[in-house]
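Contents: one structure, followed by commentary.
The values are calculated or read from the model by the stated rules, or taken from the named source; none is laboratory data. These numbers come from a predicted model, not from an experiment. With ideal geometry, Cβ positions are generated from the backbone for all residues, glycine too; neighbour counts draw on all protein chains shown. Just so you know, the surface numbers come from the protein's heavy atoms only, side chains and all, with ligands and any DNA or RNA stripped out. Shrake-Rupley method; radii C 1.70, N 1.55, O 1.52, S 1.80 Å.
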Amino acid sequence: MKLILENNVFANIYADIAVRFVDKTMLETQLDHALLERFGFKGESEESCLLLERGVLYCGVEDFGSDALRQAATTAIRALWKLKIERIKFEGFGLEGIAALVEGVVLGGYRFERYKSEKSECAIREVVFASASRDGALQPYDVMKARFEAARIVAEATNYTRDLVNATPEEVYPEALAQAARALSERNDLTCRVLDEAALESEKMMAILAVGRASRHQPRLIHVAYVPKNPKKVITLVGKGLTYDSGGLSLKPAANMVTMKMDKAGACAVLGILKAVSELGLEIEVHGFIGAAENMVGSNSYKPDDVLRARSGKTIEVRNTDAEGRLVLADVLDYAQSLISADYLFDYATLTGACVVALGPYTSGVMGHSERLKASALQAAEQSGELAGVLPFNRHLKKLIKSEIADVCNVSSKPYGGAITAGLFLDHFIREEMKEKWLHFDIAGSAYTEGAWDCNSYGATGAGVRLSLALIQAL
Ligand code: BES
Ligand code: ZN
Ligand code: ZN
């Protein structure tokens, strides 16, 4: 499917189907008003009405803001998916609207069909966007084109992340994730270094090693970097890459274990961000560090009651082997900080079920010490079409992860506030000089869905990719 921005007014663009967005107030003035009424079309969000002979698809919109445009473009591409038509066109909604339309088409049109014997072929070859607004106002084409291209890159990077997350744990195990990182690095001119088990041992990363110990697949630490000529800033990204989380000896109940292939979503988001950053050619140096491991059960499993010495030297009392992500991140965060002195440090992790309880299944949790940085993250979410909410640290919750026998405990002594206590655990591994530069994104709810919402279909959403690209470019 080719996306084309045409420097033209809508009426003068050739297409098999013209997509038109209408809200409730505009229904009466439509040429096809009588037909639409007969079909019971009301112009509501997520509603569409195809008048094939007329060559028009009507889609309802709540308003003409980005969120509504993205939703309507999603509705449109899904409605037209199975038709035998080759070329469709969208009206222009100015400089502010173009990204939302592209996202709606690219993200809303995403389907993961790798494991289906019969793929649902889409006949649409060309999707044309009018650069002129629908009132006929011409837009500066080069500005429009730049936004169009950037949106396409970001949306495709999001789909890249989705593909990787959706792959089965049989296919994507730690070394396979490393292989994906190498392949991306090759294609996009990034540097890539992978630490194997022996290297992790010489780095004294006993936390990630313990988590991955019972798996037939050894853990890996993956470092991918985009280093442009004259970078204005240096940013470090850290991702949780649990290619499967069975819970370990603190085994998950059967119903909670399904979907845990998505416990690598933080790592995959980091790779997606690097893909986009390099294709956008940003003047920012970006380092991605991924802790890849498989949390399994075996005679050599790590155990509740173990005490692990992390790379930083801190000791961790393990009371639940299912709180493994924070253990992996403890080592990777420390390694990343020792290697790169960055202006910002962001980590991404499907870290806690508690985050889903706190914010619901669509919203990423944002944690950190810098009010300014957290506010920037929320603004980036708003701008990019992702949902995010701040979960506030406090000193009382900090006490709940104290350990009687080690420096810190991997679970809280109380059952509430689990997303925050997990964030506070990570805080133990953030160096003093990085405290104000650090953000933690808990994407446990937002990274994966078993029902379509917004421009997301069943499976991985690519949470964190769009948000972070908006954030990185705003800093
Ligand atoms: N990967 C899970 C968190 C998770 C849960 C992600 C649901 C996505 C959806 C994580 O490793 C985990 O199991 N966390 C435990 C922590 C608890 C043992 C303190 C949890 O949330 O129950
Ligand atoms: Zn777990
Ligand atoms: Zn996990």
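Among the candidates 141, 160, single out the residue that is over 25 Å from residue 455 (Cβ atoms) and aromatic (Phe, Trp, Tyr).
One residue alone meets the criteria, 141.
Of a type outside the set (Val, Ile, Thr), closer than 18 Å to residue 135 by Cα and at pLDDT below 95: does that describe residue 1? I'd like the intermediate steps shown before the answer.
Values: of a type outside the set (Val, Ile, Thr): yes; closer than 18 Å to residue 135 by Cα: no; at pLDDT below 95: yes.
In short, no.
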Of all residues in region 278-324, how many are within 26 Å of residue 184 (Cβ to Cβ), away from ligand 2 (no atom under 16 Å from the Cβ), in a loop (DSSP other than H, G, I, E, B) and in contact with a helix residue (DSSP H, G or I) (Cβ under 9 Å, 6 or more places away or on another chain)? 2
Residues satisfying the stated conditions in region 63-100, i.e. within 20 Å of residue 50 (Cβ to Cβ), part of a loop (DSSP other than H, G, I, E, B) and not acidic (Asp, Glu): 81, 82, 83, 84, 85
Looking at (1) touching a Leu at 6+ places or on another chain (Cβ under 9 Å); (2) among the hydroxyl-bearing types (Ser, Thr, Tyr); (3) within 16 Å of ligand 3 (Cβ to nearest atom), can you tell me which one residue 215 breaks? (1)
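Considering only region 447-461, I want to know if a residue exists there that is of a type in the set (Phe, Trp, Tyr), closer than 21 Å to residue 359 by Cα and out of contact with any strand residue (DSSP E or B) (no Cβ under 9 Å at 6 or more places or on another chain). Spell out the reasoning first.
Of the residues in region 447-461, the ones of a type in the set (Phe, Trp, Tyr) are 448, 453, 458.
Narrowing the set further to residues that are closer than 21 Å to residue 359 by Cα leaves 448, 453, 458.
If we keep only those that are out of contact with any strand residue (DSSP E or B) (no Cβ under 9 Å at 6 or more places or on another chain) as well, we get 453.
Yes.
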Pairs where the first residue, in region 399-424, is closer than 17 Å to residue 240 by Cβ and in contact (Cβ under 8 Å) with a residue 40 or more places away in the chain and the second is polar (S, T, N, Q) and in a helix (DSSP H, G or I), C-beta under 9 Å, 6+ apart: 411/421
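Considering only region 305-314, state which residues are within 13 Å of residue 403 (Cα to Cα) and surrounded by fewer than 16 Cβ atoms within 10 Å (Cβ to Cβ). Walk me through how you get there before you give the answer.
We begin by selecting, within region 305-314, every residue within 13 Å of residue 403 (Cα to Cα); these are 305-308, 314.
Within region 305-314, 305, 307 qualify.
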May I ask you to say which residue of 412, 341, 376, 370 is at negative phi, more than 16 Å from ligand 1 (Cβ to nearest atom), at pLDDT 95 or above and surrounded by 18 or more Cβ atoms within 10 Å (Cβ to Cβ)? 376
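So which residues in region 433-475 are acidic (Asp, Glu), surrounded by fewer than 24 Cβ atoms within 10 Å (Cβ to Cβ) and under 15 Å from the mean Cα position of the chain (by Cα)? Spell out how you get there, then give the answer.
Our first condition is that a residue be acidic (Asp, Glu); within region 433-475, this holds for 433, 436, 442, 450, 454.
From what's left, surrounded by fewer than 24 Cβ atoms within 10 Å (Cβ to Cβ): 433, 436, 450, 454.
The one that is acidic (Asp, Glu), surrounded by fewer than 24 Cβ atoms within 10 Å (Cβ to Cβ) and under 15 Å from the mean Cα position of the chain (by Cα): 454.
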All but one of (1) within 16 Å of ligand 2 (Cβ to nearest atom); (2) buried (at least 24 other Cβ atoms within 10 Å of the Cβ); (3) basic (Lys, Arg); (4) farther than 15 Å from residue 328 by Cα hold for residue 261; state the number of the condition that does not hold. (2)
So if I check each of 7, 12, which one is in contact with a Phe, Trp or Tyr (Cβ under 7 Å, 6 or more places away or on another chain) and either open to solvent by 60 Å² or more (accessible area, probe 1.4 Å) or more than 29 Å from residue 384 (Cα to Cα) (or both)? 7
